[in-house]
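Visitor: What follows is a single structure, and I will ask about it in a moment.
The values are calculated or read from the model by the stated rules, or taken from the named source; none is laboratory data. Quantities reported herein were computed from a predicted structural model and do not represent experimental measurements. With ideal geometry, Cβ positions are generated from the backbone for all residues, glycine too; neighbour counts draw on all protein chains shown. Remember, those area values only see protein heavy atoms, side chains included, never the ligands or the DNA or RNA. Shrake-Rupley method; radii C 1.70, N 1.55, O 1.52, S 1.80 Å.
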Amino acid sequence: MKKIIIDFLEVLQFEKKYSDNTILNYKNDLDDFVTYVTELGYSKFNDIDYQVIRKYLTYLYEKKYTNKTISRHISSLRSLFKYLLKEKKIKNNPMTLVSNPKIEKKLPKFVPYKELEQILNVYDTNNAIDTRNTLILELLYSTGIRVGELVNIKLKDIEFNKKEIRILGKGNKERIVLFGSRCYNLINKYLDNFYKKYNTLNSDYLLLGVKGNKINDREVRKIVDDAVNRAGIKLNISPHVLRHTFATHMLNEGADLKSVQQLLGHESLSTTTIYTHLSNERLRSVYLHSHPRA
């Protein structure tokens, strides 16, 4: 069973081009499942039916997992069994009768512009490494890209004259994101200083570590954490929160929903509409503070 999961994860990595973080989530979910069914005496995926899946889901609920976490486990299993059926390793797919639990949509967190400015300006850009770190923060906020998309940017993906970057997003789908003059200047400063010094491996990737390797998701998260701490901001801010901040600020400043959807790489417009609730809350706040009858 474990060998099959390894093969499946390699398909996600090399064919589907899933991010390292997504693959790690799949691995953890599927390892939990295999451990559970092995303890029940199952050693082959072909022997697992709908009743076994139901027992496993009951087990997850009993562990007090949230609906969101259980939904992720179900999605991992659904992808695995779909793969097994396609590869003819099973005769029937037990996941066809399984539906995801309802998940309450929470409003995404975002950073107010004043605090964001403090975070973006926390590093000394006369220092090569600090220039790289500032560029990482600026790219996340200026483009709204995911951290997995950020670390995979190659120099050839950047169109400097148009201030555009070609991004390979979820599902191997390409899109174009834009950046402004500040980001443009930072990229050039980074290439002139950090890149020339540390690109000892002649890498094609834009963002590198001090050993010349492509920077990874975990390092980016550490840089964001460090910047937030240095700025003295008492908020839990991740790279994805900067993506939420990009979308919220765009809509607050009058961008239309369809444009923001395309820039974020959302497949469905309904995914982007959650940010309108944040914009509406801002309108409510402005009204309550400004109208004499409010």
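Visitor: Taking segment 169-198 only, how many residues are more than 30 Å from Val11 (Cα to Cα) and either free of Cβ contacts under 8 Å to residues at least 60 places away in the same chain or not polar (S, T, N, Q) (or both)?
Guide: Counting residues in segment 169-198 that are more than 30 Å from Val11 (Cα to Cα) and either free of Cβ contacts under 8 Å to residues at least 60 places away in the same chain or not polar (S, T, N, Q) (or both) gives 20.
Visitor: Just one of the numbered conditions (1) modelled with pLDDT of 95 or more; (2) open to solvent by 10 Å² or more (accessible area, probe 1.4 Å); (3) on the phi > 0 side of the Ramachandran plot is not true of Lys88; which one?
Guide: (1)
Visitor: I've got another one for you. Which one of these does Lys64 not meet: (1) in a helix (DSSP H, G or I); (2) on the phi > 0 side of the Ramachandran plot?
Guide: (1)
Visitor: Scanning for something closer than 26 Å to Asn152 by Cβ, out of contact with any Gly (no Cβ under 6 Å at 6 or more places or on another chain) and at pLDDT 95 or above, does segment 31-53 turn up at least one residue?
Guide: Among the residues of segment 31-53, at least one is closer than 26 Å to Asn152 by Cβ, out of contact with any Gly (no Cβ under 6 Å at 6 or more places or on another chain) and at pLDDT 95 or above, which makes the answer yes.
Visitor: Would you confirm whether or not segment 178-194 contains a residue that is among the aliphatic types (A, V, I, L, M), outside any helix (DSSP H, G or I) and surrounded by 13 or more Cβ atoms within 10 Å (Cβ to Cβ)?
Guide: yes
Visitor: Please report, ordered by residue number, the helices (runs of 4 or more DSSP H) entirely within segment 198-271 with at least 1 residues that are touching a strand residue (DSSP E or B) at 6+ places or on another chain (Cβ under 8 Å) and open to solvent by 30 Å² or more (accessible area, probe 1.4 Å).
Guide: Result: 257-264.
Visitor: From Glu104, Glu117, which residue is surrounded by fewer than 13 Cβ atoms within 10 Å (Cβ to Cβ), modelled with pLDDT of 95 or more and either touching a Gly at 6+ places or on another chain (Cβ under 6 Å) or over 19 Å from Asp31 (Cβ atoms) (or both)?
Guide: Glu117
Visitor: Please tell me if Tyr59 is modelled with pLDDT of 95 or more and open to solvent by 10 Å² or more (accessible area, probe 1.4 Å).
Guide: So Tyr59 passes the test.
Visitor: So, one more: Out of all the residues in segment 62-76, which are open to solvent by 60 Å² or more (accessible area, probe 1.4 Å) and touching an Asp or Glu at 6+ places or on another chain (Cβ under 7 Å)?
Guide: Of everything in segment 62-76, just one residue is open to solvent by 60 Å² or more (accessible area, probe 1.4 Å) and touching an Asp or Glu at 6+ places or on another chain (Cβ under 7 Å), namely Arg72.
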